[in-house]
Every structure is written in structure tokens, then in C-alpha cells.
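The values are calculated or read from the model by the stated rules, or taken from the named source; none is laboratory data. All values reported here derive from a predicted model rather than from experimental measurement. Cβ: placed from backbone, ideal geometry, glycine included. Neighbour counts: every protein chain shown. Ligands, DNA and RNA are excluded from the accessible area calculation, which covers all protein heavy atoms including side chains. Shrake-Rupley method; radii C 1.70, N 1.55, O 1.52, S 1.80 Å.
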Amino acid sequence: MFVISGVTGNTGSVVAQTLIDQGQPVRVIVRTEEKGNPWKAKGAEIAVADILDIAAMTKALDGASGAYFLLPPDLSNDDFIGVSIKCAEAIVAAAKVARLPHAVILSSVGAQHEERIGPITTIGHLERLFVKAHVPLTAVRPGYFLENIQDVLPATVHEGVYPSMIHPLNRKIDMVATRDIGLTVAKALLDPSSIPYRVIELRGANQYSAEDIAEELSKTLGRDVVAVAVPRERWVDQLKQNGLSQQSAESLAEMHENINNGRIDFLDLDARKASIDLSTFITNLAV
């Protein structure tokens, strides 16, 4: 039995669906019965639990051969980091009590650092908690999400610009679609490692810059789109305008700063590569 959290989001839904399609027994963790009904219709078991309810989470993990966890990003919360750390602690506590034989988590490139990596700090904390608790762990560390492109689409559609906090505008980084992440997680669950702590870094199908994204958006939308660098001093205010709390905005600004200076980068030169490229992603986005 594989237990999957986050099924209402991008990666969790892909993991659960992939396993169901392969005939694997799946139990999904949801906050309400209503959110679990679509998965029940697909043959999955439903476990209703709040991530901070250790007893309910432990029950949800009963009999599991493996489970997938992620920290739900509530970027509007004034104490986003504090809440994320509490969630991490609750997840690991439940996994330990349930004697979970294998956990797979959504981590991130750069999680090996303990500071100056923005929200990735909380994910790295989750990794270290699992290791300290001696729960066998696979940490999937992807690059920058291609889905982040969606956040600036209104500016692209209405103003013909692609605003970017990745500087300079020709700086190329690995960008990964969440579908590729979900498929990687599903494979990791089906093929657990013989070592207690495994890290799988996931690169993009290729590396892309803000200028590459603007060019691809131009082709797909049939209009000129220009990449525009958002000045560093405006990052926090712009993120807050998009609904983020002060703490979350400052944290994401720190993450982008350390992507740009190279601190947040891959360790494995032979890391796995995703399959969905920029062109395919944007084409599907426009459909």
C-alpha cells in the first residue's frame, strides 16, 4: 500500500494517478472526505487527516510500504516558515510511530544548505529530521519549476512582458515540470533504495533563461513578448502584491538571490533529466 499526500496539488496527483494506473494499491491523505471522493472513485482508499494531527497521520500510514510527503506551501501565512517547520516535525513524528519503511519527499536543489536558500530551508529541515529519526528516505530534489511561468502570465498577456527575478536575463537554469517530478516520485516509491538515505536530483530537459521563455511565449501567443528584469529592490513588494506575506516574500527573494549567485545549484553532475521541455510545457499551458 502506497500512501500519498498532496493529491489536490500538482505532484501528488501525478504520483497517485501513476500508481493507480499501474494497479498499485493507493491510499490518499486528504483534509476532507469531499476532497477524497474523486480518488475513491478511482479505487483509492481515503484517509482524512490534518498534517499537524500526528495521531491521524499515523493511522493514515498504517500498513504502508511507502509514502510520499511534501510541505504544503501557504505563502500567505505570516509565519510561513514556522508553520512549515511544525508540519515537517509532525510528518516525521507520524512516520516514526507508524514504522514507515520508506518515505519519499519533495525536496529541492540546494537543500544541502542550511541557510540563505529561502523556503528551501524548511525542506532541508524535513530531510534532516527523517535522517535523524532513522526513517528510510528518498529526497527528490528538482530544479526550478516550469509552473512558475504561470505566475506572471497576466503581465505577459496584457503587457507583452515576461518579468523575471532570474538575473541576468540570459542566465540559463534547469527548469522542471511538476509532472516529471511526480513520475520520478512514483518510480522511487516502486523502487526503494537499499541505503537509508537517497537523494535524487532532477534536472530539466534543458536549461532556459528568461529570454528563452519570452521567445517561446512569443511563438505560442503570436505576439511579441519581451523579458524584463525585475530590480532586486522591488522583489519583496512585487511578491507581496501577488498575495504573499512579508516573511514569504522575503524568503522567496532570498531564494532567487541565491539562485542568481550560484549558491543554489546541483551537486550531481550526472543527475537525472526530466522529459518535458519548455516548448512542450508552454504549448500545453496555452491549450
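Some observations on this one:
- Pair list, Cβ under 9 Å, 6 or more apart: the stretch 158-186 residue at positive phi, other residue among the polar types (S, T, N, Q): GLY160/SER218
- Looking only at residues in the stretch 241-259 that are within 24 Å of GLY160 (Cβ to Cβ) and outside any loop (DSSP other than H, G, I, E, B), the one that is most open to solvent (accessible area, probe 1.4 Å) is GLN241.
- Hits in the stretch 193-225 - residues which are assigned to a loop (DSSP other than H, G, I, E, B) and over 24 Å from TYR68 (Cα atoms): ASN206, SER209, GLY222, ARG223, ASP224, VAL225
- ALA155 vs. criteria modelled with pLDDT under 95, more than 30 Å from VAL15 (Cβ to Cβ) and not in a loop (DSSP other than H, G, I, E, B): yes
- Cβ-Cβ distances below 8 Å connect the following pairs, each with a first residue in the stretch 82-102 that is farther than 23 Å from PRO192 by Cβ, a second residue that is of a type in the set (Ser, Thr, Tyr), and a separation of six or more residues or different chains: SER84/THR122; ILE85/THR122.
- Whichever residue in the stretch 148-183 is under 20 Å from the mean Cα position of the chain (by Cα) and among the polar types (S, T, N, Q) and, among such residues, is farthest from GLN207 (Cα to Cα): GLN150
- Every residue from the stretch 158-192 that is in a loop (DSSP other than H, G, I, E, B) and in contact with a strand residue (DSSP E or B) (Cβ under 6 Å, 6 or more places away or on another chain): HIS167, LEU169, LYS172
- ALA47 vs. criteria closer than 20 Å to ALA94 by Cα, open to solvent by less than 20 Å² (accessible area, probe 1.4 Å) and part of a loop (DSSP other than H, G, I, E, B): no
- Among the residues making up the stretch 63-91, those that are assigned to a loop (DSSP other than H, G, I, E, B) and open to solvent by less than 30 Å² (accessible area, probe 1.4 Å) are ALA64, LEU71.
- Residue ID - farthest from SER275 (Cα to Cα), chosen from residues in the stretch 226-237 that are assigned to a helix (DSSP H, G or I) and in contact with a helix residue (DSSP H, G or I) (Cβ under 6 Å, 6 or more places away or on another chain): VAL236
- With respect to the conditions (1) within 22 Å of the chain's Cα centre (by Cα); (2) part of a helix (DSSP H, G or I), LYS40 lacks only one, and its number is (1).
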